[in-house]
Amino acid sequence: MKRLFVIIFCFLISINIIDRIFLNDDIYTGFKNLFLNPQYKIIINQDTLNSRYKYHEYSNLFKNTTNFYPSNKNELLDIYYTMMNNGFDNFTYYCNKNYKTCYEDINDISHNTTLFTYMNQLVHPYNSFKMVNSNYSVNGKVDITIDSKYTKNDIIKIDNEINNIINKLNINNVPSINEKIRLFHDYIADTNVYDEDKANNISKYNSDMAIGTLFQGHSTCSGYTDTMAIFLDKLGIENIKIITKKHTWNAIKLDNKWYHLDLTWDDPITNNKTNIILHDYFLITTDQLLNKDKSEHNFDRNLYNFL
């Protein structure tokens with residue numbers, strides 16, 4: 001054991017000498033920070049990725065990863081997706097020293113709002129974000145921080161309210177899964193109106209979140225969709241959020257088949273402001289969905305290749 005320790009120590013010393021002679025100080029400092037400084041650690045153990053709200057991988061564009069030493073842009077994207085899907089608030093990783101365009105790719109990803117919006121729909125609402133910040137150091141160290149859409153207090157409040165609704169509607173004692181979903185669908189439609197002011201940034205409601213839907217009676221498509229997704233997860237029903245440039249709704253997996261549910265369009269705005277509950281977009285197939293409307297429901301088949 002003593003001999004092994006001496007060998008390792010001599011090896012590290014020799015590397016330091018070689019780096020000092022042949023490499024510049026920045027590379028030497030980067031090497032020291034990456035391998036010798038104990039405060040810089042790369043997470044490589046899958047057991048550390050343990051968010052209770054973690055989703056399965058649904059899209060072929062992103063996947064969960066344990067490789068936090070990326071060499072290309074796809075591996076970078078997998079790191080961001082893994083971080084979001086596991087609900088991390090902050091994370092540190094290092095670019096591979098041979099990845100010459102790492103900084104440029106990080107900058108490109110950070111400014112690609114469409115890409116992050118798609119990624120946001122493939123994670124649980126509680127793991128979704130308002131903003132993602134990336135800071136890159138010269139030694140290849142990258143720090144990511146996420147500003148979550150829902151706070152811990154929001155989550156407690158929402159969970160309690162959905163539990164109250166489940167008990168109020170006696171949903172747990174309803175044998176049919178379709179009927180369980182319909183009861184909640186109708187309750188949300190009956191207790192909400194679409195928030196037309198949100199698009200003009202003059203709304204006083206949190207209507208793009210489950211907070212607005214459950215406690216303020218005002219929703220946009222994001223609020224309806226988040227609320228339904230959280231309810232479905234509570235019942236153990238597999239689901240995902242679908243997004244286009246204009247709209248978002250839920251997809252639900254029942255009996256190994258995917259169906260669409262659009263609570264927003266089933267709770268329409270009427271001319272006389274009367275409350276109407278429809279079931280036109282309640283658990284319909286992709287063909288039925290696109291036959292009804294292609295203007296706002298024509299989703300990206302490459303992203304949602306499982307539908």
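The values are calculated or read from the model by the stated rules, or taken from the named source; none is laboratory data. Source: prediction; values computed, not measured. Every residue, glycine as well, gets a Cβ built from its backbone with ideal geometry; the counts of neighbours run over all protein chains shown. Keep in mind that these areas ignore ligands, DNA and RNA; they rest on the heavy atoms of the full protein, side chains included. Shrake-Rupley method; radii C 1.70, N 1.55, O 1.52, S 1.80 Å.
Using the Cβ atoms and a cut-off under 10 Å, what net charge is assigned to the surroundings of GLU296, where Lys and Arg are +1 and Asp and Glu are -1?
Taking every other residue near GLU296 into account, the sum is +1.
Can you give the convex hull volume of the alpha carbon atoms of segment 82-137 per residue, in Å³? Can you show the working numbers first?
Details: hull volume 5.0 nm³, N = 56.
Cα-based convex hull of segment 82-137, divided per residue, equals 89 Å³.
Using +1 at the C-beta of Lys and Arg and -1 at the C-beta of Asp and Glu, which of TYR281, PHE184, PHE299 has the Cα lying farthest in the positive direction of the dipole of segment 167-307?
The listed residue farthest towards the positive side: PHE299.
Net charge near TYR55: determine it from the other residues with C-beta under 13 Å of the C-beta of TYR55, scoring Lys and Arg +1 and Asp and Glu -1. Provide the component values of the computation, followed by the final result.
Working: positive: ARG52, LYS54, LYS63, LYS241, LYS253; negative: GLU57, ASP233, GLU238.
Result for the local shell: +2.
Considering the Cα positions of segment 61-156, please state its Rg to one decimal place and its Dmax as a whole number of Å.
Expressed in Å, the Cα Rg and Dmax of segment 61-156 come to 13.1, 45.
Of VAL132, VAL138, which has the most accessible area with a 1.4 Å probe, and how do the rest follow in descending order?
Largest accessible area first, the residues go VAL138, VAL132.
With a ≥ b ≥ c the root eigenvalues of the C-alpha gyration tensor of segment 112-194, is it rounded (a/c under 1.5), prolate (a/b larger than b/c) or oblate?
prolate
Under a Cβ-Cβ cut-off of 14 Å, what is the net charge of the residues other than GLY212 that fall near it, where Lys and Arg count +1 and Asp and Glu count -1?
Its environment carries a net charge of -4.
Please calculate how many Å² of accessible area segment 56-174 carries per residue, with a 1.4 Å probe and no DNA, RNA or ligand atoms counted.
About 49 Å² of surface per residue is accessible.
Once ligands and nucleic acids are excluded and a 1.4 Å probe is used, how much of TYR205 is accessible, expressed in Å² to the nearest 10?
60 Å²
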